[in-house]
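Presented below is the structure to which this report refers.
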């Protein structure tokens, strides 16, 4: 459960610090995520879990330390470089963040139109239908996001995150606001993506049941510091009360 | 207060300069631009035409009551056309645009920011500034001169109907009198200055919407600021542009 440093690290945090309005949210956090690995980040609300994801995809910049994605220092990249790295990544937002003035089809087609100009409209249509089919929304492509339930919006958000076939998938609270059954469906979809596409995943969650199903490793954050990092089995061996509160199945 | 005002002006100016620079850099968002042109142009058409028509009627009524005292009612059409071409058309179209489109842009972008939709665009490797800001700036800049022409036409038509009811003046004679003595310089520069108004409205509204980060309160502030600041900017810019037109076309100032 030491701070892992893997050679084949797809994502690496090196002594990362981040604060807002003088309050430190992340304090010297270091960990790595290997290729094809699923890391679940656990911890109380406000401990910097979502900030960690936003640092990985370059929506935020670290105050100190380095965030490396496939060896690229996210803070040092120019706009073009950042876009290239982001092409390898998908991001499922907590609220799904679907474009509310677009249909689901248009939501998914948006990056395809722009990033692969050689793709014909038919190819884009097929790609959108196939991706929506993977999340069970093949019949809902013409619907607007506000016509979907919370669970469907999450699945649509996941479809949009997957449409560019990312090597890395970042997921923010996949179970939030969902009932247990729907949350399990989302977990199953994530497991399917991981096994079939060998996608590297970083998932921020409060749902320890889901986390145990998906994760190869846990990272537990508390008050901005990395409390523990390791496989679920490794962390289960610890007797730290605070840690056990985060990782024990209730 | 003064420092923060200048700070805001500086930020808006840089934001607007970035929009101009990015407008020339590919990839171009043609499809989304067409959508914005339609929403801004066609969406504002009825408001502009209806307002222009009503203003035309009211203007003629006011002008008539004054000119009738001097026996100069024959001059009503040309007063009407000059007033609309020079000032009423461009300014009122811009202020209506600031109210309708400016508030819409500010609120929509602020809502997209609050609901992480703008972040979502960025995570998809799409340049959100080019997609959301540049397209709106181009659309407003192109559509406002066009809408101004429709407002001018509606105003002159409203004036004609009002005058026709009073004096049974024929359309042919009204149009002849309205355009007699109107030079190209009376129409082209004031109409083109609305491109600047459109640019200002779009840049200011996009700035307040795109850069907010305060949730639903940010949406309210963005919508309010978009209308208030862009209306003020249009009026101030009008002063400067009218002065510029007088400088470039001295005959206009006489």
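For the range B:108-145, which positions are more than 10 Å from chain A (Cβ to nearest Cβ), surrounded by fewer than 23 Cβ atoms within 10 Å (Cβ to Cβ), more than 17 Å from residue B:234 (Cβ to Cβ) and within 22 Å of the chain's Cα centre (by Cα)?
Matches in the range B:108-145: B:138 only.
Scanning the range B:5-25 for residues that are within 14 Å of another protein chain (Cβ to nearest Cβ) and within 20 Å of residue B:211 (Cα to Cα), which turns out surrounded by the fewest Cβ atoms within 10 Å (Cβ to Cβ)?
Here is the first cut: in the range B:5-25, the ones within 14 Å of another protein chain (Cβ to nearest Cβ) are B:18, B:21-22, B:25.
Now restrict to residues that are within 20 Å of residue B:211 (Cα to Cα): B:18, B:21-22.
Numbers: B:18: 16, B:21: 10, B:22: 14.
Out of the qualifying residues, it is B:21.
Could you check residue A:92 against (1) within 19 Å of residue A:144 (Cα to Cα); (2) without any contact (Cβ under 8 Å) to a residue 12 or more places away in the chain and say which number it fails?
(2)
So which of B:79, B:28 is within 14 Å of chain A (Cβ to nearest Cβ) and either more than 21 Å from the chain's Cα centre (by Cα) or free of Cβ contacts under 8 Å to residues at least 24 places away in the same chain (or both)?
Working: B:79 fails: within 14 Å of chain A (Cβ to nearest Cβ).
Being within 14 Å of chain A (Cβ to nearest Cβ) and either more than 21 Å from the chain's Cα centre (by Cα) or free of Cβ contacts under 8 Å to residues at least 24 places away in the same chain (or both) holds for just one of B:79, B:28, which is B:28.
Hey, does the range B:94-102 have a residue that's part of a helix (DSSP H, G or I), within 13 Å of chain A (Cβ to nearest Cβ), touching a helix residue (DSSP H, G or I) at 6+ places or on another chain (Cβ under 7 Å) and in contact (Cβ under 8 Å) with a residue 40 or more places away in the chain? So that I can check it myself, show each step before the final result.
First pass over the range B:94-102, keeping only residues part of a helix (DSSP H, G or I): B:94-102.
Restricting the remaining residues to those that are within 13 Å of chain A (Cβ to nearest Cβ) gives none.
No, the range B:94-102 contains no residue that is part of a helix (DSSP H, G or I), within 13 Å of chain A (Cβ to nearest Cβ), touching a helix residue (DSSP H, G or I) at 6+ places or on another chain (Cβ under 7 Å) and in contact (Cβ under 8 Å) with a residue 40 or more places away in the chain.
So, restricting to helices (runs of 4 or more DSSP H) that lie completely within the range A:65-184, which ones have at least 1 residues that are within 9 Å of chain B (Cβ to nearest Cβ), at pLDDT below 90 and under 30 Å from residue A:47 (Cα atoms)?
Values: elements: A:79-86, A:104-115, A:121-134, A:150-162.
Once the helices (runs of 4 or more DSSP H) in the range A:65-184 are filtered for at least 1 residues that are within 9 Å of chain B (Cβ to nearest Cβ), at pLDDT below 90 and under 30 Å from residue A:47 (Cα atoms), what remains is A:79-86.
Within the range B:210-254, which residues are in a loop (DSSP other than H, G, I, E, B) and surrounded by fewer than 13 Cβ atoms within 10 Å (Cβ to Cβ)?
If the condition is that a residue be in a loop (DSSP other than H, G, I, E, B) and surrounded by fewer than 13 Cβ atoms within 10 Å (Cβ to Cβ), then B:213, B:254 are the ones that fit.
Select from the range A:210-233 the residues that are surrounded by fewer than 15 Cβ atoms within 10 Å (Cβ to Cβ) and closer than 22 Å to residue A:190 by Cβ and write down the one among them that is modelled with the lowest pLDDT.
Start the filter on the range A:210-233 by keeping residues that are surrounded by fewer than 15 Cβ atoms within 10 Å (Cβ to Cβ), which leaves A:223, A:231, A:233.
Restricting the remaining residues to those that are closer than 22 Å to residue A:190 by Cβ gives A:231, A:233.
Working: A:231: 92, A:233: 89.
My answer is A:233.
Hey, residue A:100 hits all of (1) out of contact with any strand residue (DSSP E or B) (no Cβ under 8 Å at 6 or more places or on another chain); (2) buried (at least 20 other Cβ atoms within 10 Å of the Cβ) but one; which does it fall short on?
The one condition residue A:100 does not meet is (2).
Of the residues A:26, A:55, which is assigned to a helix (DSSP H, G or I) and either more than 10 Å from chain B (Cβ to nearest Cβ) or modelled with pLDDT under 95 (or both)?
Numbers: A:26 fails: assigned to a helix (DSSP H, G or I).
Within the list A:26, A:55, the selection yields A:55.
If I ask for residues that are closer than 25 Å to residue B:90 by Cβ and out of contact with any helix residue (DSSP H, G or I) (no Cβ under 7 Å at 6 or more places or on another chain), which ones from the range B:204-246 would you list?
Of the residues in the range B:204-246, the ones closer than 25 Å to residue B:90 by Cβ are B:204-209, B:223-246.
Matches in the range B:204-246: B:224, B:228, B:232, B:235, B:236, B:239, B:240, B:242, B:243, B:244.
The values are calculated or read from the model by the stated rules, or taken from the named source; none is laboratory data. Given the structure is predicted, the values throughout are model-derived calculations rather than measurements. With ideal geometry, Cβ positions are generated from the backbone for all residues, glycine too; neighbour counts draw on all protein chains shown.
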